[in-house]
1. Over the heavy atoms of Glu326, what accessible area does a 1.4 Å probe trace out, to the nearest 10 Å²?
2. Between Asn140 and Lys98, what FRET efficiency follows from the Cβ-Cβ distance if R0 is 22 Å, with the result rounded to 0.05?
3. Please report the relative contact order for region 288-417, taking Cα pairs under 8 Å with a sequence separation of at least 6, and give it as a percent rounded to a whole number.
4. Take the residue pairs Lys323/Lys370; Lys67/Lys323; Lys98/Lys262; Lys98/Lys202 and return only those whose Cα atoms are more than 31 Å apart.
5. Heavy atoms of the protein only, probe of 1.4 Å, neighbouring chains included. What is the accessible area of His418 in Å², nearest 10?
6. Ranked by accessible surface with a 1.4 Å probe, highest first, in what order do Trp70, Trp118 come?
7. Can you compute the modelled spin-label distance between Phe170 and Tyr435, with each label point 7 Å from Cα toward Cβ, in nm?
8. Mind giving me the nanometre distance, one decimal, between the label points for Arg383 and Lys262, set 7 Å out from Cα along Cα→Cβ?
Amino acid sequence: MLALGMEWHGTMSTATLAIPSTVDQQRIVQAFRLNKYIPHFPTAKQSYALLLPHLEVFFGGSGGGGKSDWLLMSALQHVNTPGYSAILFRRTFTELSKPEALMDRAHGWLRLHKDARWSGMEHAYKFPSGAQIVFSHLENESSIYEHQSAAYQFIGFDELTTFTERMYTFLFSRLRRLKGSPIPLRMRSASNPGGPGHQWVKQRFIVQSNQSRRPFVPARIVDNPFIDSAAYERSLAELDPVTRQQIKDGDWDIIAEGNMFKRSWFPIVHDWPRNAHLVRSWDLAGTEARRHADPDWTVGLLLGELGGRYWIIDIVRERLSPKDVEDLVRQTAEVDGRRVDIVMEQEGGASGKTVIQDYATRVLRGFTFKGQPSTGSKVVRARPASSACGAKNIMLLEAPWNGPFLEEAGLFHNPKIHDDQIDALSAAVNYLAKYKPLKVW
């Protein structure tokens, strides 16, 4: 019998479940840990993802693939186990509580059961076993510290691309259990492509895909038999082509490119001329990681130039405190060597001059260093680099940082996307165009 709080008609075929034919219905229920709080049987893709024993699983792709249902099912799997604690996140409380979102969906599932008690003060459901599922949000990065003393065995993120990478990775520190506990530790997330966190989510789960460590389970509309796919696709037809492709087909590669830099304009190379003129351009983050929801990056881009052609040789990209930034800049200079000039954007006013003076006399003493006053908008400063790029004269040395750089370049100048790497490239190109006659190698 299926203890699901519902009637099941027919048999569980292996085609429906995508599992071995030797597994019978009772063993299926035991394997999935299905219970009366889960009102319907999972789809094939949901079934597969529910069975995965890994610490980290990402379920995503197109809209309508059953992502939110899967997250809620996953959180409910162990509510009959004493001591179990789960938490489900959306970026804002409005997103968490709107119709058909996680909390509203949980109300529809659990209010049918009098033994699942809702606490409006804690935004949590509590079960007879003593287990609980909490619904919460992380509006900015400082919100993560509200969970600093908490302990969960399950953490779920709905629409992961709306969160920052730091929010996601910090919550791993809250996954813990008592010694000898049978409850597995699980980090589960779901999302469509797109959104401000598209780049880091794609890099973590798609580009650096490792199915043995952090499986990615793609799901599309056709994988969800419970949705009216024809009506949903008619709604999607009203979207712009890029957003429609992201939501309809779960396309992680399509992006809305800007006009100044195209991904295809950057040839990937395996070497660079050793007699090139070299400069390391730094774009320092204007916001600290702990004080901003999605802080800027500190970027150090190493550019070589020879005969009017450019090679991006290395990119250092970190989110650090001001003191750690100074240490990073100094250490990078030591590794690059004194042959490499160092340039840094000089902000306007007395404070900008003070920062440059401090770096010149203390942090980078002994190196060729220059502050470069910023004149004009980011777009104006990027035009020389854009022109060289359009002529296929900016090469990328093949490296793991190519993907994040190309995505940022293709989206420049989108106000929702970081442009620190392009700012660093612009400053490096402008510096070499102006100052390279000062040195001959």
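The values are calculated or read from the model by the stated rules, or taken from the named source; none is laboratory data. Computed from a prediction, not measured in an experiment: that's the story for all the values here. Counting neighbours? That spans all protein chains shown, and the Cβs are built from the backbone with ideal geometry, glycine included. Only protein heavy atoms, including side chains, enter the accessible area calculation; ligands, DNA and RNA are left aside. Shrake-Rupley method; radii C 1.70, N 1.55, O 1.52, S 1.80 Å.
1. 40 Å²
2. After rounding to 0.05, the efficiency reads 0.65.
3. Reported relative contact order: 23 percent.
4. Lys67/Lys323; Lys98/Lys262
5. Rounded to the nearest 10, that gives 40 Å².
6. Per-residue accessible area, sorted high to low, gives Trp118, Trp70.
7. Those two pseudo-labels are separated by 3.6 nm.
8. For Arg383 paired with Lys262, the spin-label model returns 2.1 nm.
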